[in-house]
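Have a look at the structure below, then the notes.
We did not get these values from a lab; they are worked out from the coordinates using the rules stated. All values reported here derive from a predicted model rather than from experimental measurement. All Cβ positions, even for glycine, are placed from backbone atoms using ideal geometry, and neighbour counts span all protein chains on display.
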Amino acid sequence: MYDYSGKVVIVTGGAKGIGRGISLAFAEAGANVLAADVDVAAGQQLEKDGAALKGELRFREADISKAIPCRELVETAVSYWGGVDVVCNNAGIQPPASYLPADELPEEMWDRIMDVNVKSRFLMTKYCVPEMRKRGGGVIINTASVQGLQSAYDVPAYAASKGADLSLTRQLALDFAKDNIRVLAVNPGTIDTPLVAEAAAAKGLSVDDLRGEWAAAHPIGRIGTPADIAKAMLFLASDDASFMTGSYVNVDGGLMAKGAWA
Ligand SMILES: NC(=O)c1ccc[n+]([C@@H]2O[C@H](COP(=O)([O-])OP(=O)(O)OC[C@H]3O[C@@H](n4cnc5c(N)ncnc54)[C@H](O)[C@@H]3O)[C@@H](O)[C@H]2O)c1
């Protein structure tokens, strides 16, 4: 449906889960995609799986919680393809060991979650905005979460990080609207990714049992797929969404429409 030929897209956390879906979808639509991840094996697999797509799909190892790798990612995209048009700030963590109330959560765990889930969005923005200005605009899309809107129990750092992603999205949209840079967020409901397997292990459930439990919680009767999120991003990054900035889209099978009393 969309033609991203000639566009340059960076996807963080792009080797697995939702990010892998986003990387493949943009490359399928013709974009040149730089997928960044700490998981090298998954990144190499992604490159192989995406080799026949319309756009070029390349992987680069990068820990996006740190400034230098973020700067180098932008430089790499520019050296390969001459600029940056779209950044999908998608990498995020919710380690099972972080499922604790605040009085039991180690400070280091709080810091790590904030660095990966929030600081990375700031850093990638800092380094890509000058390049987007040179191209006359761009789009930044942050993968937040429905947990930025409503909370589960015992996820203080993750919930705070996703609320911060939404707040930062609004702020960046205001500050860069004059540069024709749109900034948006997507809030996934439960999406079938390796993160679900981690959660199942932490709860002592089988992945299938947990999938079933979560599917029943979503009004639409299933959990989502990485492709569900990628399709929303293809739209948000396109000119069809040119009047959208500073807001979020829930891609959640109706989860946020449902009250706790339902
Ligand atoms: N899966 C869900 O149900 C769900 C729901 C709501 C929001 N989200 C959000 O979606 C995003 C993607 O989650 P997912 O489910 O695909 O997770 P995932 O664990 O399957 O994939 C995340 C990817 O990010 C990479 N990554 C982790 N730390 C990194 C770092 N420091 N630098 C670079 N890459 C790093 C991982 O190696 C992995 O490839 C996250 O921001 C997550 O919070 C997921």
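Between the Cα long axis of helix 120-135 and the first principal axis of the chain there is an angle of about 20°, rounded to the nearest 10. Using the alpha-carbon centroid of each, what span in Å lies between the stretch 69-114 and the stretch 136-174? Result: 12 Å between the Cα centres.
Ranked by the mean number of other Cβ atoms within 10 Å of their residues, highest first, the peptides 166-179, 75-88 come out as 75-88, 166-179.
Between Tyr153 and Phe122, the simple label model (points 7 Å from Cα in the Cβ direction) yields a spacing of 3.3 nm. Among the listed pairs Lys16/Lys203; Lys16/Lys178; Lys178/Lys231, those whose Cα-Cα separation exceeds 29 Å are Lys16/Lys178. Projecting the Cα atoms of Leu105, Ala51, Leu234 onto the charge dipole of the chain, computed from C-beta unit charges around the Cα centre, puts Leu234 farthest toward the positive end. The lysines whose alpha-carbon is closer than 19 Å to the alpha-carbon of Lys119, local same-chain residues fewer than 8 away aside, are Lys66, Lys162.
For the chain, the longest principal axis of the Cα atoms and the long axis of helix 156-176 meet at an angle of about 30 degrees. Near Val251, the amide H atoms lying under 5 Å from its own belong to Asn187, Gly189; only residues 5 or more places off or on other chains count, and H is placed 1.01 Å from N. Fully extending the segment from Lys134 to Asp111 would add 4.9 nm, taking 0.36 nm per residue of separation and subtracting the current Cα-Cα distance.
Overall dimensions of the stretch 1-156, expressed as equivalent-ellipsoid semi-axes from the Cα gyration tensor (√(5λ), whole Å, largest first), are 28, 17, 14. Site pair Asp240 and Ala177 shows an inter-label distance of 2.4 nm when each label is modelled 7 Å from Cα along Cα→Cβ. So for the chain, Kirkwood radius off the Cα pairs, Stokes-Einstein at 10 °C and 1.306 mPa s: how many µm² s⁻¹? Answer, rounded: 86 µm²/s. Computed from label points 7 Å out along Cα-Cβ, the spacing between Lys203 and Ala217 is 0.6 nm. How far, in degrees from 0 to 90, does helix 207-217 lean away from the longest principal axis of the Cα atoms of the chain, to the nearest 10? Here the helix axis deviates by roughly 90 degrees.
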